[in-house]
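Let me begin by presenting the structure, written as structure tokens, before commenting on it.
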Amino acid sequence: MRVYIPTTLAGLAEAYKAGELGPAPLDAFAVTPSLREWYLSDDIEELEYAALTRAAQASLRLIAVHPDAPRRRVVIAVDVTDAEVRYDPDRSLDPAALGEVRLARAVSMGKAAAVHLDAADAQDDVSAAADALGAADTGDDDAQFTVDGAEDHELLWYATQEIPNLIG
């Protein structure tokens, strides 16, 4: 199963140095039954993109609580067995929980399939979105517009061999 783990550039660097993503448990996103039902699609690429987008939103939240983190969203795609993934069907109808899964153990970086990362030109919009998250969460439409602006930037795809260049 392909699972998308949100992180930051600092988190990516730590995982690379440690050889694993952790500590457990790890919150992540995947194509869950509720995500399939919500998006009404059988196209696995479309569904995986939806899970990746949810992980990018979670990465933005991590950036918001770490003000010293570089303002670029990071998602690590990993391939794990279905048995390693926990899914809460009781939250399946909650739109805020679409695609949420949990990994009970740290994940070896050897299971990483790719890294998805904002381009450098997204930093200003991602920074503004991170700063506006609190107000957006309380219903401020202008702040939500700013948060949504970060999603106008597509995350770029990088092979795992490129991680050393990404973390500098």
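Each reported figure results from applying straightforward, stated rules to the coordinates on display, with no laboratory input. Since we're looking at a predicted model, the values are computed, not measured. Counting neighbours? That spans all protein chains shown, and the Cβs are built from the backbone with ideal geometry, glycine included.
The Rg/Rh ratio for the stretch 53-93 is 1.09, where Rg is the radius of gyration of the alpha carbons and Rh is the Kirkwood radius. Charge tally around R91: other residues with Cβ under 12 Å, Lys/Arg +1 each, Asp/Glu -1 each, net -2. Measuring r between the beta carbons of M1 and D141 and using R0 = 25 Å, the FRET efficiency lands at 0.10. Within the stretch 73-168, list the GluC sites (Glu not before Pro) lying in a DSSP loop whose Cβ has at most 16 other Cβ atoms in a 10 Å radius. Loop-located and lightly packed - E151, E154.
Counting only whole DSSP H helices of the chain, the ones at least 18 Å long by C-alpha along their axis and with mean Kyte-Doolittle hydropathy no lower than 0.5 are 44-65.
Report, in whole Å, the centroid distance computed from the Cα atoms of the stretch 113-130 and the stretch 1-20. Taking the Cα centre of each part, the stretch 113-130 and the stretch 1-20 sit 15 Å apart. For the stretch 3-159, the relative contact order works out to 29 percent when only alpha carbon pairs closer than 8 Å and six or more residues apart are counted. Once Rh is set to the Kirkwood radius over Cα pairs, what Stokes-Einstein translational diffusion coefficient, in µm²/s, holds for the stretch 16-98 at a temperature of 37 °C and a viscosity of 0.692 mPa s? It diffuses with D of about 230 µm²/s by this estimate. Residues within the reach of a label modelled at D88 (point 7 angstrom out along Cα to beta-carbon, backbone nitrogen below 15 Å), restricted to the stretch 1-33, are 25-30. Relative to the current alpha-carbon distance between T81 and E45, full extension at 0.36 nm per residue lengthens the span by 11.1 nm. What translational diffusion coefficient, in µm²/s and rounded to a whole number, does the Stokes-Einstein relation yield for the chain at 4 °C and a viscosity of 1.567 mPa s, taking the hydrodynamic radius as the Kirkwood radius over Cα pairs? So the translational diffusion coefficient is about 80 µm²/s.
Kindly provide log₁₀ I(q)/I(0) values, in the same order as q = 0.10, 0.22, 0.24 Å⁻¹, from the Debye equation applied to equal alpha-carbon scatterers of the stretch 83-168. For the stretch 83-168 at q = 0.10, 0.22, 0.24 Å⁻¹, log10 I(q)/I(0) is -0.41, -1.08, -1.07. Annotation: amide H-H contacts under 5 Å for A113 (H modelled 1.01 Å from N, sequence separation of 5 or more, or interchain): A77, V78, D79.
Just from its helices, what would the mean residue ellipticity at 222 nm be for the chain, if runs of 4 or more DSSP H residues each count -39500 (n - 2.57) and the sum is divided by every residue, rounded to the nearest 500 deg cm²/dmol?
Per the formula, -12500 deg cm²/dmol.
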